[in-house]
């Protein structure tokens, strides 16, 4: 107890250097814990980009490729699925609901997705959160469009605005569907998922855009159908890109998956979203670990700064050590004092770092949830985080041994005869 009071008094006497050291350790600890929290929650949020969906079905390719274009709107499908194949699968008695997806068009760099009303009813993200409209309503008219939150915010659209879709998925397209403009009927609330970057139209609307196309080329002159003429035509899709399935019982998931993969009508692939998401995340594991390693080196830098500060002041404190020896302090008392000072600096820095972490979570929680889908809860440190904090304190103790050993050796030789 006497040593602790002496250590605190010594640190208070050098308060400016001590505060700088504590602040450096606190920032490094805060960064380490923040990276760990974000890494853990990003993985959970990534896995929850789509939830409540038992199977994703598309043309036979790779599971990651199917996941990328159907959920993340990245890349393109190798082939389309016939409408009769979709109907055959969706009418299975084990299927509770099905959401068709048709891709291929875009608007100023954002993907357009044709779907049905079931999308707004059954699609889930995060912890089974449903889609909600911030404004307006789902598409009701043939040429209605529902915008993701990011699309509406970035392009400054509001309800009732007209927009023209483009063929293909390039940022700049030479082929515009300018004869069939769409009207903004609704704007979805933010989800922090690819839904925010998507324009949603009906399958019939997607079909109307291409009703007068032949062999991938728009018709010209008399063969071109106007928007009003398209309304009178049969707009039943002949093919879609993919579809999502929800089953009555999750026990049947593997049986339905096997049946779809063996479907004889055309080559299909059914994947489990969770498994495909984990496979995709594993491809980014190197970057994830690299980020953690960088954070650990930042903490190590903070501890080395503490060691440097103590060693730099050691030579100035030789008279102090000699006086302590003169009043009865033993060499091991001097060494213990230096170790205790280092440990006190580390403990204070760790506590301040944890406090900064929770302050940062409180200030950024809503923003991260709305824009990136990251839910950072006010939770106690996890067992792994406690391990990291314990390792930091242990490292501080080990580093405190270095100046303690030097002080121990100097106090034996100096006595009261040192020269300054």
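The values are calculated or read from the model by the stated rules, or taken from the named source; none is laboratory data. Source: prediction; values computed, not measured. As a convention, Cβ positions derive from the backbone with ideal geometry for all residues, glycine included, and neighbour counts pool all protein chains shown.
The rows are residues; the columns are (1) touching a residue at least 12 places away in the same chain (Cβ under 8 Å); (2) surrounded by 14 or more Cβ atoms within 10 Å (Cβ to Cβ); (3) in contact with a helix residue (DSSP H, G or I) (Cβ under 6 Å, 6 or more places away or on another chain); (4) within 17 Å of residue 192 (Cβ to Cβ).
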| position | (1), (2), (3), (4) |
| --- | --- |
| 95 | yes, yes, no, no |
| 110 | yes, yes, yes, yes |
| 124 | yes, yes, no, yes |
| 127 | yes, no, no, yes |
| 141 | yes, no, no, no |
| 147 | yes, yes, no, yes |
| 151 | yes, yes, no, yes |
| 162 | yes, no, no, no |
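Pick from 292, 277: which is at pLDDT 80 or above and touching a helix residue (DSSP H, G or I) at 6+ places or on another chain (Cβ under 7 Å)? Sole residue among the options that is at pLDDT 80 or above and touching a helix residue (DSSP H, G or I) at 6+ places or on another chain (Cβ under 7 Å): 277.
Is it the case, given these coordinates, that residue 244 is outside the structural domain of residue 398 (by TED's automatic domain parsing), buried (at least 18 other Cβ atoms within 10 Å of the Cβ), under 38 Å from the mean Cα position of the chain (by Cα) and at pLDDT 70 or above? So residue 244 passes the test. Might you check whether a residue that is at negative phi and not in a strand (DSSP E or B) occurs anywhere in the stretch 102-116? Checking the stretch 102-116: at least one residue is at negative phi and not in a strand (DSSP E or B). Against the definition (more than 22 Å from the chain's Cα centre (by Cα), at pLDDT below 85 and buried (at least 20 other Cβ atoms within 10 Å of the Cβ)), how does residue 18 come out, yes or no? Here the answer is yes, as residue 18 does meet what is asked. Restricting the first member to the stretch 23-41 and to residues that are surrounded by fewer than 17 Cβ atoms within 10 Å (Cβ to Cβ), and the second to residues that are at pLDDT below 80, the beta-carbon pairs closer than 7 Å and six or more apart or on different chains are 38/374; 39/288; 39/291; 39/292. If the condition is being at pLDDT 90 or above and in a strand (DSSP E or B), then the stretch 142-171 contributes 144, 145, 146, 147, 162, 163. The residues in the stretch 325-372 that are at pLDDT below 60 and either closer than 30 Å to residue 41 by Cβ or crowded, with 20+ Cβ neighbours inside 10 Å (or both) can be counted, and the count is 0. Name the residue that is surrounded by the fewest Cβ atoms within 10 Å (Cβ to Cβ), counting only residues in the stretch 260-274 that are touching a residue at least 24 places away in the same chain (Cβ under 8 Å), assigned to a loop (DSSP other than H, G, I, E, B) and out of contact with any helix residue (DSSP H, G or I) (no Cβ under 6 Å at 6 or more places or on another chain). The qualifying residue surrounded by the fewest Cβ atoms within 10 Å (Cβ to Cβ) is 267. Take the conditions (1) surrounded by 14 or more Cβ atoms within 10 Å (Cβ to Cβ); (2) farther than 30 Å from residue 397 by Cβ; (3) modelled with pLDDT under 80; residue 284 misses just one of them, which is (1).
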